[in-house]
Amino acid sequence: MKIVVCLKQVPAKDSLLRVEAAGGWVRDSELSYEINEPDAFALEEGLRLKEKHGGEVVVACAGPARAAAAIREAMAKGADRGILVEDDAFIRADSFSTARALAAGLGGEAFDLILTGLQSDDLGFAQTGVSLAHLLGLPHATIIMQVEAQEGGLRVKRELEAGWFQHVEMPLPALLTIQSGINKVRYATLMGIKKAKTKELKRLTLAELGVTLAPRQTIRRVYVPQKTKRTELMEGTPKEAAAKLVEKLKFEARVL
Amino acid sequence: MSVLVVMEQQEGAWHKLSWEALAAGLELGRALGEPVAAAVVGEALDALETELAAQAVERVLSLRHPLLAAYTPDGYTTALEALIRETKAAWVVLPHTYQVRDFAPKLATALDCGLIPDVIGLRVEGGAPVFVRQLFQGKLNADVVFEGPPPYLVSVQAGAFRADQLQPGASPAPVERPAVALESKQIRTRPLERFQEAKRTVDLASAAIIVSVGRGIKGPENLPMMEELARALGAELGASRPVCDSGWLPLERQVGSSGQTVAPKLYLAIGISGAIQHLVGMKGSRTVAAINKDPTAPIFEVADYGIVGDLFEIVPALTAALKSSS
Ligand SMILES: Cc1cc2nc3c(=O)[nH]c(=O)nc-3n(C[C@H](O)[C@H](O)[C@H](O)COP(=O)(O)OP(=O)(O)OC[C@H]3O[C@@H](n4cnc5c(N)ncnc54)[C@H](O)[C@@H]3O)c2cc1C
Ligand SMILES: Nc1ncnc2c1ncn2[C@@H]1O[C@H](COP(=O)(O)O)[C@@H](O)[C@H]1O
């Protein structure tokens, strides 16, 4: 199986986010970065499918130069090669632009399966994968918790709301958006990290691909949400705060 | 420049978020001074059409076809793309459900237009709507505007628009059933039965007190500390998704959009950031208390009481305080 995994590099989960003076985005240079959480699960699923059925795992990413680190990390875990469509615009681009850039970056090469995460932790559009599927003319299914190859294609388990699921059968080639928790992700080995350095990473620019970005939506301003609810905070040492909370729950909220 | 609200139904029952999308669509229509139509997609829709026609909409557009009886992204996209092109609807409002997440980005791409997803607010500035949505899992908000020509697609987040304030229309709206051109070969995926996993052994929905733990507890080795607190409170243990994904607690203890919906008299969230998918599962709790080291964590948006600090110091202190006060 020839598999593409789309992965995005996003600010690390514990990042202290501070809005830049102009209010257009967060102060990017202060952050550390990691692979978007569901994308790490998508990568793991791709690697497992390759181990089972043979083939190749190619990692595709649109992002600034620093995103190469995410691709190398994926290679250290076992991805065979990488494609980076490099441009700072992807830090906060709309999924319309990103999907078009990724489609161009794949360069008409034929793949059996494309995996993406279901949603990015920073922009959270939940669109890029499905949009890419349409651009490439592929059937798709989203929020996937299980992938099995079967005669004539795939059988996948789609997560629905409130603890419900559904199996969907589909032909290949296809695109799936993967939900966190589908598998248990592996760690990179020292050997893997060493090998990753020698694997092929193709860097492409938008100019080389002949793509001009035409966003369909733009972020005008980013800000800390105004709180509408007043939370009563218990101050003091842990012991004092704990005692106050028990008091409140007993005598004010009367829930104990 | 009319507004079209796409309602969601499943086997003849509305998805309740549809009404919030309708409320958002009507608000947008009022702000822009444009008429609002509502669409429903499926096969046997008579009762739903009548119910929808009672709302204050200009007309009901009912897309009926045997191939739309079961949801597929190909079927829904084909039918809705044609409807949006024919009606020239400029603003298309949808509920941000799992199903909408599955087809709306495809619909937008087919229409070569933008989709602003998961919107929590809107206002009109200089004749153009500005939409508010969350970034970084609720830690920041963004004002977002559309670019390029219409149509413009918007999906709305649960809890952001008031369905309880919908007023019926003066007279029933006309129901139209535009012809749907759809062939089975256009539908490439085959959906099978919907199912639930093995029966649950814990019923969080009936628990009076829930101590719910998130990724902040770091690892399963810290669960005994949380269990001790739960015992001191006579509480059931709940969890956020990553805790169940990592196998620290079984899936049946997950609270949220893909887990259980709970409404205890006390919900104590420990090391949970408060992403919307978690909040929808516990917002109905009578009293919410949260322990988190980050004072800006979105969980404090729903918490009545909070302690900002290190949970590994606070939880044992809380257990001790409970034991000594009883
Ligand atoms: C389609 C979909 C469905 C989903 N369904 C669900 C669902 O049903 N339920 C659900 O919960 N999530 C669900 N999610 C995931 C959701 O978006 C969040 O990713 C998840 O809820 C985050 O879990 P968390 O708060 O435990 O982790 P994090 O967001 O990582 O938060 C951890 C928190 O712990 C705090 N913390 C860390 N260390 C300490 C310490 N020492 N002391 C005190 N505080 C500390 C941090 O400040 C942080 O706020 C879903 C997502 C999607 C896209
Ligand atoms: N810049 C990017 N480069 C590579 N993949 C991306 C990029 N942005 C989004 N994706 C993929 O699309 C998924 C959904 O992202 P989003 O539409 O932003 O929520 C992510 O989980 C990634 O798999």
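The values are calculated or read from the model by the stated rules, or taken from the named source; none is laboratory data. Remember, it's a predicted structure, so these values are computed and weren't measured experimentally. Quick reminder, even Gly has a Cβ in these numbers, built from the backbone with ideal geometry, and neighbours come from all protein chains shown. Side chains are part of the model used for accessible areas, which takes the heavy atoms of the whole protein and leaves out ligands, DNA and RNA. Shrake-Rupley method; radii C 1.70, N 1.55, O 1.52, S 1.80 Å.
Some notes on this structure:
- Subset of the range A:200-252 [assigned to a loop (DSSP other than H, G, I, E, B), small (G, A, S) and farther than 30 Å from B:A321 by Cβ]: A:G210, A:A214
- Only one entry of A:A174, A:A196, A:A241, A:A207 meets the criterion of being surrounded by fewer than 20 Cβ atoms within 10 Å (Cβ to Cβ) and either modelled with pLDDT of 95 or more or not aromatic (F, W, Y) (or both), and that entry is A:A207.
- In the range A:105-196, counting only strands (runs of 3 or more DSSP E) that sit wholly within it, the ones holding 1 or more residues that are on the phi > 0 side of the Ramachandran plot and within 16 Å of ligand 1 (Cβ to nearest atom) span A:140-150.
- In the range B:208-282, counting only helices (runs of 4 or more DSSP H) that sit wholly within it, the ones holding 3 or more residues that are under 20 Å from the mean Cα position of the chain (by Cα) span B:276-279.
- Residues satisfying the stated conditions in the range B:284-306, i.e. assigned to a loop (DSSP other than H, G, I, E, B), closer than 22 Å to B:L229 by Cβ and either polar (S, T, N, Q) or more than 9 Å from chain A (Cβ to nearest Cβ) (or both): B:S285, B:K293, B:A297
- Any hit, the range A:82-96, residues being surrounded by 24 or more Cβ atoms within 10 Å (Cβ to Cβ), among the aromatic types (F, W, Y) and within 12 Å of ligand 2 (Cβ to nearest atom): yes
- Matching entry among B:D118, B:D102 (being at the interface with chain A (Cβ under 10 Å from one of its Cβ atoms), charged (D, E, K, R) and either more than 23 Å from the chain's Cα centre (by Cα) or open to solvent by 10 Å² or more (accessible area, probe 1.4 Å) (or both)): B:D118
- Selected residue (criterion: farthest from ligand 1 (Cβ to nearest atom)) from residues of the range B:237-276 that are closer than 24 Å to A:E232 by Cα and open to solvent by 20 Å² or more (accessible area, probe 1.4 Å): B:K265
- Number of positions in the range A:125-153 that are within 12 Å of ligand 2 (Cβ to nearest atom), closer than 24 Å to A:K184 by Cβ and open to solvent by 10 Å² or more (accessible area, probe 1.4 Å): 1
- Selection of the range A:219-238 for residues being within 30 Å of A:E86 (Cα to Cα) and either modelled with pLDDT under 95 or open to solvent by 100 Å² or more (accessible area, probe 1.4 Å) (or both) yields A:R220, A:R221, A:V224.
- Number of positions in the range B:135-153 that are assigned to a strand (DSSP E or B) and facing chain A (nearest Cβ under 7 Å): 8
- Only one of the numbered conditions (1) farther than 28 Å from B:C113 by Cα; (2) open to solvent by less than 10 Å² (accessible area, probe 1.4 Å); (3) within 16 Å of ligand 2 (Cβ to nearest atom) is violated by A:L201, and that is (2).
- Residues of the range B:280-294 that are open to solvent by 20 Å² or more (accessible area, probe 1.4 Å) and either more than 10 Å from ligand 1 (Cβ to nearest atom) or closer than 29 Å to B:Q99 by Cα (or both): B:V280, B:K283, B:G284, B:R286.
- Top-ranked residue in the range B:295-323 [being small (G, A, S) and over 12 Å from A:A242 (Cα atoms); ranked as surrounded by the most Cβ atoms within 10 Å (Cβ to Cβ)]: B:A303
For every residue, the table says whether it meets (1) hydrophobic (A, V, I, L, M, F, W, C); (2) assigned to a helix (DSSP H, G or I).
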| position | (1), (2) |
| --- | --- |
| A:G23 | no, no |
| A:P38 | no, yes |
| A:E45 | no, yes |
| A:V57 | yes, no |
| A:C61 | yes, no |
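- Failed item, numbered, when A:L115 is tested on (1) surrounded by 15 or more Cβ atoms within 10 Å (Cβ to Cβ); (2) modelled with pLDDT of 95 or more; (3) within 11 Å of chain B (Cβ to nearest Cβ): (3)
- Considering only residues in the range B:242-266 that are under 24 Å from A:D14 (Cα atoms) and among the hydroxyl-bearing types (S, T, Y), the one that is farthest from ligand 2 (Cβ to nearest atom) turns out to be B:S246.
- Scanning the range B:8-29 for residues that are outside any helix (DSSP H, G or I) and open to solvent by less than 10 Å² (accessible area, probe 1.4 Å) yields no hits at all.
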